[in-house]
1. 7 Å from Cα along Cα→Cβ at both D:VAL104 and D:LEU322: what's the point-to-point distance in nm?
2. What percent of all Cα-Cα pairs in the stretch C:10-93 falls into each 10 Å bin, going from 0 up to the bin containing the maximum distance?
3. I want to check the label-to-label distance for D:LYS67 and D:SER11. Put each point 7 Å from Cα in the C-beta direction and report it in nm to one decimal.
4. With no solvent and one point per C-alpha, what does the Debye sum give as log10 I(q)/I(0) for the stretch A:1-80 at q = 0.14, 0.18, 0.27 Å⁻¹?
5. Note the full-extension length gain between D:VAL280 and D:THR4 as 0.36 nm times their separation in residues minus their Cα-Cα distance, in nm to one decimal.
6. Compute the separation of the alpha-carbon centres of the stretch C:54-94 and the stretch B:192-226 and state it in Å as a whole number.
7. What helices does chain D have that are whole DSSP H segments, at least 20 Å long along their own axis by Cα, and with mean Kyte-Doolittle hydropathy of 0.5 or more?
8. Can you give the FRET efficiency for B:ALA409 and B:VAL454, using 1/(1 + (r/R0)^6), R0 = 30 Å, r = Cβ-Cβ distance, to the nearest 0.05?
Amino acid sequence: MTLLPFIALSVVAIAFALLLVLNRNAVHGALCLVVNFAAVAVFFLMLGAEFIAVVQVAVYAGAIMVLFLFVLMLLNIQGQEGGLEQKPRSQILIAAVLGILLLAEIGVLAPLAAGLGGAQAAAVPADFGSPRLVGLTLFRDHLLAFEIAAFILLAAMMGAVVLAKRRLA
Amino acid sequence: MRLKGLRMLFCSTLVGIASAAGHAAQAGSSDPGGAALVPSLMDLLLVSAPAAALCAAAMVVMMIGAFWPASGRRALPWIALAGIVATGWATLAAPRAYEGPVRLLALDSFTVIFSLLVLAATAIAVLLSVNYVNREEMARGEYYSLMMFSAAGALLMAAADDLILLFMGLELLSIPLYVLAGSARGREQSKEAALKYFLLGAFASSFLVFGAALVFASVGGTGYHQMALGLLLLGRGADALLAAGIAMVLIALAFKVALVPFHWWTPDVYQGAPTPVTAFMSIVAKAAGFAALVRIVSAGAHGDLPGWNALLWALAAATMVWGNLLALAQQNVKRLLAYSSIGHAGYLLLGVLTGTVNGFSALVFYLAAYGVTTLGAFGVAAFLAGKGDRIETLYDYRGAARRHPFVGALMAVFLFSLAGIPPFAGFFAKLYLFLAALEQGYVGLTVIAVLTSVLAVYYYLRVSVVMWMEEPREEPSEAPQFEPARLSAAALAALAFAVTLLGIFSSPVLRWSDRAAIAAVETGRGAAPGRTGIGEAQPSIPPVDIPEPGPVASVPSQE
Amino acid sequence: MAWNAPVPFASWVMLSGVLFSIGAVGFLIRKDPIIMFMCIELMLNAGNLLFIAAARYLGIMAGQVFVFFVMAVAAAEVAVGLAIIVAIFRTKSTIDVDEMSGMRG
Amino acid sequence: MSDTLFTWIASLVKAVLVFAVLMSLVPLLIWLERKVVAWMQQRIGPNRCGPFGLLQPMADAVKLIIKENIIPAGVDRVTYYLAPILSIVPALAAFAVVPFGEPVTIFGRTVALQVADVNIGILYILALSSLAVYGVTLAGWSSNNKYSLLGALRSSAQMISYEIPIGLAVVSVVLMAGSLSLKAVVDLQRDSGYWLVFPQLISFIIFLIASNAELNRPPFDMAEAESELVAGFHTEYSGFRFAMFFMGEYVNLVTVSALATVMFLGGWHAPFGLPEIPIVWFLVKIFAFIIFYMWIRATLPRIRYDLLMAFGWKVLIPVGFLNLAMTAVVVTLAADRAMPLLTAVNVTLAVVVGAIIKIAGRRVERRAPRLAPVPEAGG
């Protein structure tokens, strides 16, 4: 992992994130976000997280963003433009302040992080990030969170049905 | 077709259980070396007993709602109640001082008492919902089971000893709540409330994720104990990362419990959501958020983090003043109660700010008192609302008590308690809290708290005055149409009784809340043995220079 | 600094922080709920990136697993969030979405 | 030549070769499809250009390429250009992890007959196949045409839904192999002597049905139902861009067939102890699958859209879950006897279900003979 590909990909990721925020067209915004996710997936690959990288593509790009596009088009058919209410000026002001604060915070933090023990990559075993290790960590140390995730998904599925169902059976 | 589906699901459940059992048997037999490090299924089941029981009950309710013939669905709330009671039993039965390899959930008296509080609130919310759900023709099975899932999330949040578990608990609490907020059929307000709640809730939880990532980056773990060790040990640079991480976690929780300036969703959501759901979330979400805050504070955010106290001070002051001031101007009763709940969040933050056993104890007691009262107040609002939740402004409430003196009297009790008028629970709750704050020298803040409480008396009394003193509305067509809502009435009466009882005989509950507070502080202390000077054990592995990277290093708990 | 120098950890913090901030600001300045929601996804993703980077630099697998959980939760959030958005637009619309399944071939 | 350099060059050569073969397969497949369908409908099919009409696809290609490229007014330019590319790239990229033979030795170095043997190969294919939706969706949306949009919506909903059964089927296979690498799946079938089609018969059937839906081929071609949606998502495309959608579809067909071959039919290994010939058996099996898909296309009528979705959600997914659970139990409790056990269970189930369908079908026939007329020969 060297500086050149890092900077190149960072430019891509940040540029497309900005495009998402500044774009007028929601579908184009969604596509920009897909590119951003792809760039982040490549970052994951570089960071030795190949399993997570592929899951990132499958879940975010393959499922979540497709769902977004699907809903955008559904609303498009109905001739609806997005937007519930006008954003007041004051909120944009708050946003600007928050953004500057966050960026300043990151600007202060990041150089400090250089002093961390892990400022340079640790030596890791060759199979770091392999499906086997992910599986072991997932099902041995974090089985509880895994089960909770299952319940979250169940509740979400049920909720989506409740919200989307036309009328009661 | 239905029966077939049921049978199929039953079979698949059996297969799942069988495979889990087989897996457990194999894990127990084949891996003797790692057995001590690896939590067994039994361990996991023990630490998560309450939440697991509640989720299982929620699934039963869901299945019955989906597959039983319509006539059987009347029984759903009762099945849900049975499940909640069973969960209470599981909570009490699970060993309190669990010493296994799982350090993700803390299983102490704090957890148990908070779980019981949440479960009681859920049970009452279910009772208050029965009439409402039938009247508005909502999807019954889904409604109750979502409410139970949400409560399970609250249990997990209160027990979580790890930021990731906190995140998962928060989501299990929130996702069903978003749906419940939007579950009133055909009411646009309800859908908009759901959207607002959802967007801001998701926004807040992304802060939690980023905060957890910052904490992980700086100490190599997300456990509270790792956080605490990191605060003790790390150098300046890493401290700043850690502090930023904790601050972001605080922001996320501040959204959940509606602290100013992260409160703007509250009035709209409280107003738009179905009233029993509002009652549920006003106490359960708040209790879970404050429980998590107490855990984080007692694990060391307090005192070791520069600027932390000042930040909480400012948040508390702003919340108390702003919430109570805006409540003065409200005409809609649900909005008024929403702003008042913001004000109460400010008082509760006082307890967190103290960081002492007394403060936490007062906070637990306050939550119990506030929970009983707010459930009652929103319960009355749901009782009076009429079909489609149309009757909810002060104008509509004129003379309501004359027409229904019983309900009017109950509402008066709840409002007096909320206002902090003796001898009701609210008064003593405020008293203990303010005393604990004074004890720690927060004089200025206590003065603000007392002044805003006085302010609050005005708008609470105004509701009661409107209900009792003014002429009833003329148009009989729009007057509250009462169905035989005996169940709600009984639940409300029980709540009013509890409010009074908590005020007059507070000592048993106080003893419990003391125990909870002591447990929370001790769990927090156990997280960072170095701080108290009692624990000799120096942290064996400073997280940043882990000698042997790899999967073993990530087992969170080998101390 | 040489182009082939290793990337210091600070750069990852910086990058994920910038992405997070863009998402947060975007959430606050846009008014289309779907775009606001996408900004939230961007923020979550920034957190994921930081988790993965930290996992690599500290040599701890758990960080990758946390990302897995965040993804699962994000999927759940998307399901509920989009259902809410669709429900809102449906109560406001005049065109029946169900027409689409009513069209039979 | 250093090892790294050799690996790079070898990978490049393999990638180019695979690309070339896939691309040259497309015209052949188009010809084959027309011929097979023609035979099944008692027609002759293309027979004018070249021997047996073999050059017909070339003529079609030339026609499409020199045709005027019409871009309707009101399209969303960027996405309109992007969509055909997006429909073909995932299909090609997915082939990168498909192994098609034992490693061979060239210049004293072993070369795997596979562009890249990654340990997450199957997951990679699933991820890429989930990206295939974008081509269809964006094509429909960018065309600014209601029919296209409806077609795109239908097909994206269909593809998302049918990804789940495919995933469940594939995960059962992964569970047997204990690895996400396709090479490991083939090795398992070689070492155990069982082709996975027998112990994973249910998965195999699910995979066949769901992949047909994923490919948007008849009888699941709701996206391009000519009679109701004109041509669905690619109505507004013409010339070479239109051809790209076709190429994507056929490359996908090859990829799916190759995947089925690798996962269920023992990959490149010869059946029944016949002599092993590199790659030939692999191609034979792939073509067997392709012809099977064409057969289905020629035989079955299109399914109504709501029935299609209901079938996916209410039949394939529950069955997939049950099969996954069964596989998990057997693999956990009796890992060493998993193959024969699962084979017995699956084959028994298949026989029983087949018998039930047969009996039930006969009963329906007896009860309402007019509803199920016996087709006349050559009808």
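1. Simple spin-label model gives 4.6 nm for this pair.
2. Reading upward from the zero bin: 18, 38, 29, 11, 3, 0.
3. Distance between label points: 3.8 nm.
4. -0.51, -0.76, -1.20
5. Numbers: separation 276, 0.36 × 276 = 99.36 nm, distance 2.98 nm.
Once the chain is fully extended between D:VAL280 and D:THR4, it gains 96.4 nm.
6. Result: 12 Å between the Cα centres.
7. Values: long enough: D:3-40 (52 Å, 1.55); D:77-94 (27 Å, 1.34); D:121-142 (32 Å, 1.55); D:146-177 (46 Å, 1.12); D:239-264 (38 Å, 1.30); D:280-299 (28 Å, 1.73); D:317-333 (24 Å, 2.01); D:338-367 (43 Å, 0.94).
Helices meeting the span and hydropathy rule in chain D are D:3-40, D:77-94, D:121-142, D:146-177, D:239-264, D:280-299, D:317-333, D:338-367.
8. Step by step, r from the Cβ atoms, then E = 0.80.
Read the figures in this text as sums done on the coordinates, not as results from a lab. Everything quoted here is computed from the prediction, not taken from an experiment. As a convention, Cβ positions derive from the backbone with ideal geometry for all residues, glycine included, and neighbour counts pool all protein chains shown.
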